[in-house]
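Before any comments, here is the structure.
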Amino acid sequence: HRHLVALLTQHAVALVLMEPTSRYHRAVHRRLHEAGLPVALANPLRARLFAQASGTLAKTDAIDAAMLARMAERLGPDPVAPPTPAQEEL
């Protein structure tokens, strides 16, 4: 996560859009937020439907990343703060 934060803070990042994947996204979401980077979460189904509507049917990490970047540009989702530790515990 440190490497990702270091990489992103070298650029003028307006928004990081990521798909929440069970509990695995939580740590990176928190780390990016703590570094002052705005993070929005995209419902995985909505992201897939956006890709299909854009004519992208292939699914690789590189294609997914490019599609999430386009989705962020086009839809401008609002950043969200990660849940508090108490909320995560619940």
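Rule-based calculations on the coordinates, nothing more; no lab input. These numbers were taken from a predicted model, which means no experiment stands behind them. FYI the Cβ positions are ideal-geometry reconstructions off the backbone, even for glycines, and counts take in every protein chain you see.
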Practice task
Please sort by residue number the trypsin sites (Lys or Arg not before Pro) in the stretch 1-68 whose DSSP state is loop and whose Cβ has at most 12 other Cβ atoms within 10 Å.
Solution key: Arg23, Lys59
Exercise for the section: Indicate the helices, whole DSSP H runs only, in the chain that combine a mean Kyte-Doolittle hydropathy of -1.0 or more with a Cα extent along their long axis of 20 angstrom or more. Expected result: 61-75
Practice task
Let me have the 222 nm mean residue ellipticity of the chain computed from DSSP H runs of 4+ only, each contributing -39500 (n - 2.57), with the sum over all residues rounded to the nearest 500.
Solution key: -16000 deg cm²/dmol
